[in-house]
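For reference, the structure is listed below as structure tokens.
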Amino acid sequence: MNRKEAREYAMQALFQMEAQQDFEAPDMEKYLSREELGKQKQYVKELLTAICENISRVNDTIDSCSEGWPVSRMTKMDLAIIRLAVGEILFMDDIPAAVSINEAVELARTYGTDQSPKFVNAVLGKIA
């Protein structure tokens, strides 16, 4: 699995965590059970752990830059994509913010609504 596929996997895990409200102390192995993660398993685990351990900070960061759209009003998919990128921006020093934003916009094109790419780009642009 390459890094792009690992981001997609992490985004799906974040979507599941939001649906289940499972951020406090999630069983990471439940979200990391796919064998094909391979070398990317450590990246996904570090990213998801950092986001979960700092979910209030992540949400506050998003809320401060998403005018009129607090976390509570966002679609679960847009929120998962934005949380993923914010996690990379805040906690993964080896990933440039521009890469995180570009990948998030691509995920939004694939999984979001017609408005998702613009929305994700605008929020993350303010955060970066």
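Just so it is clear, none of the values below were taken in a lab; they were calculated from the coordinates. If you're wondering where the values come from, they're calculated on a predicted model, not measured in any experiment. Cβ sites come from the backbone with ideal geometry, for glycine too, and all protein chains shown count toward neighbours.
Taking the square roots of 5 times each eigenvalue of the Cα gyration tensor of the chain, largest first, gives ellipsoid semi-axes of 21, 16, 14 Å. When region 13-128 is described by a simple charge dipole with +1 on each Lys and Arg Cβ and -1 on each Asp and Glu Cβ, the residue from Tyr43, Gln115, Val86 located farthest towards its positive end is Gln115. The charge dipole of region 21-68, taken about its Cα centre with unit charges on the Cβ of Lys, Arg, Asp and Glu (plus for the first two, minus for the last two), comes to roughly 280 debye. Normalising the Debye intensity of region 42-109 to I(0), with uniform scatterers on Cα atoms only, and taking log10 at q = 0.20, 0.28 Å⁻¹ returns -0.80, -1.41. If only the Cβ of Lys and Arg carry +1 and only the Cβ of Asp and Glu carry -1, the dipole of the chain around its Cα centre is close to 240 debye.
Pulled fully out, how much extra length does the chain show between Ala128 and Met28, if you take 0.36 nm times their separation in residues and subtract their Cα-Cα distance?
Numbers: separation 100, 0.36 × 100 = 36.00 nm, distance 2.74 nm.
Working it through step by step, the gained length comes to 33.3 nm.
Relative to the longest principal axis of the Cα atoms of the chain, the long axis of helix 3-20 lies at roughly 80 degrees. Compute the helix-to-body angle for 55-65: its Cα long axis versus the longest principal axis of the chain, expressed 0 to 90° and rounded to tens. So the helix axis and the longest Cα principal axis differ by about 30 degrees. Residue-wise HN-Hα couplings along region 95-105, as the Karplus relation 6.51 cos²θ - 1.76 cosθ + 1.60 with θ = phi - 60° gives them from phi, are 10, x, 4, 4, 5, 4, 5, 4, 5, 5, 5 Hz; Gly and Pro carry x. Among the trypsin sites (Lys or Arg not before Pro) found in region 1-89, those both in a DSSP coil and sparsely packed, with 15 or fewer other Cβ atoms within 10 Å of their Cβ, are Arg34.
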